[in-house]
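Encoded as structure tokens, the structure appears first; notes follow it.
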Amino acid sequence: MVRFFGKATGKVDDKGRVVFPAIFRDAMVRGGAEDLTLVVKKNVQQCCLDLFAYEEWVRRSDLVLEGLDPELNTEDADFWTKYNDGVFTLVPDGKLGRLNIPSELLESAGITKEVVFGGVGYKLQIWASGTREASLLSDEKFKQTASRLSSKK
């Protein structure tokens, strides 16, 4: 199982390509995803992109689909269509390990030249440089949430 932790920075070239950081390529190999097939999509809740190892994307999207009936329920069908809109499969090129991220996704996340990859365990988030830190919880809110979560045990 692939797990992503830490962060790395990168630059987007004029063709929308960004080098997939070695630290995360290594994590995929350690996690058993040697073919390095990835899935990228717009994050549902934040202004960034989500990057999954292919197997994790399948697992997570199957979990979402389990709660839906897109064949018989119009709202479920509309949600499922929107959820899968703009989902792309990527494989880093063999030469430099670059990812060719579609321009519509880069634009949706406000990414122009510099990016930050942030590992959140089961996926990576790709942010426009400077926006990731602004979106993180404050230290105080983090402590409050940690306290609330620890009281549930």
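Which percent of the accessible area of the chain is formed by carbon and sulfur heavy atoms (probe 1.4 angstrom)?
Details: 4910 of 9320 Å².
Carbon and sulfur together cover 53 percent of it.
Any idea of the accessible area per residue across the chain, 1.4 Å probe, to the nearest Å²? Walk me through the numbers before you get to the answer.
Working: 9320 Å² over 153 residues.
Heavy-atom accessible area per residue stands at 61 Å².
Compute the distance in nm between two label points, each set 7 Å from the Cα along the Cα-to-Cβ direction, one at Arg3 and one at Thr89.
2.8
Using a 1.4 Å probe and ignoring any ligands, DNA or RNA, find the accessible area of Lys7 and quote it in Å² to the nearest 10.
Using a 1.4 Å probe on the heavy atoms, I get roughly 120 Å².
Once you sort the root eigenvalues of the Cα gyration tensor of region 1-146 as a ≥ b ≥ c, which label holds: rounded (a/c under 1.5), prolate (a/b larger than b/c) or oblate (the other case)? If you can, show how the numbers build up before the last one.
Details: a/c = 1.42, a/b = 1.20, b/c = 1.18.
Rounded.
Counting only Cα atoms, I'd like the Rg/Rh figure for region 67-153, Kirkwood definition for Rh.
Details: Rg = 18.1 Å, Rh = 16.7 Å.
Ratio value, two decimals: 1.09.
Sorted by accessible area with a 1.4 angstrom probe, largest first, how do Val58, Val2 fall?
Details: Val58 50, Val2 15 Å².
If we order Val58, Val2 from most to least accessible, we get Val58, Val2.
From the protein chains alone at 1.4 Å, what is the descending order of accessible area for Arg148, Arg60, largest first? Don't skip to the end; give the middle numbers.
Numbers: Arg148 120, Arg60 65 Å².
Descending accessible area places them as Arg148, Arg60.
Can you pull the one-decimal nm distance between simple spin-label points at Lys42 and Lys82, each 7 Å off the Cα toward Cβ?
The answer from the label model is 1.0 nm.
What does the charge add up to near Gly67, with Lys and Arg as +1, Asp and Glu as -1, over the other residues with Cβ less than 13 Å from its Cβ?
-4
Express in nm, to one decimal, how much length is gained between Arg30 and Ser103 on full extension, taking 0.36 nm for each residue of separation and deducting their alpha carbon distance. Each step should come with its number before you reach the end.
Working: separation 73, 0.36 × 73 = 26.28 nm, distance 3.00 nm.
Roughly 23.3 nm would be gained on extension.
If we count every other residue with Cβ under 11 angstrom of Phe24's Cβ, Lys/Arg +1 and Asp/Glu -1, where does the sum land? Spell out each step's value before the answer.
Numbers: positive: Arg3, Lys7, Arg25, Arg30, Lys123; negative: Asp26.
Result for the local shell: +4.
So what is the calculated 222 nm ellipticity per residue for the chain, using -39500 (n - 2.57) for each DSSP H run with n of 4 or more, over all residues, to the nearest 500 deg cm²/dmol?
Details: 6 runs with 56 residues, N = 153.
Counting only the DSSP helices, I get -10500 deg cm²/dmol.
Å³ per residue of the Cα convex hull, for region 1-56? Intermediate results must be reported in sequence, preceding the final value.
On the way: hull volume 5.8 nm³, N = 56.
Convex hull volume per residue, Cα atoms: 103 Å³.
Below 22 Å Cα-Cα, how many Lys pairs turn up in the chain? Only count pairs eight or more apart in sequence, or on different chains, if you could.
28
The values are calculated or read from the model by the stated rules, or taken from the named source; none is laboratory data. Computed from a predicted model, the values in this text were never measured in an experiment. As a convention, Cβ positions derive from the backbone with ideal geometry for all residues, glycine included, and neighbour counts pool all protein chains shown. Quick note on the areas: whole protein, heavy atoms, side chains included, nothing else; ligands and nucleic acids left out. Shrake-Rupley method; radii C 1.70, N 1.55, O 1.52, S 1.80 Å.
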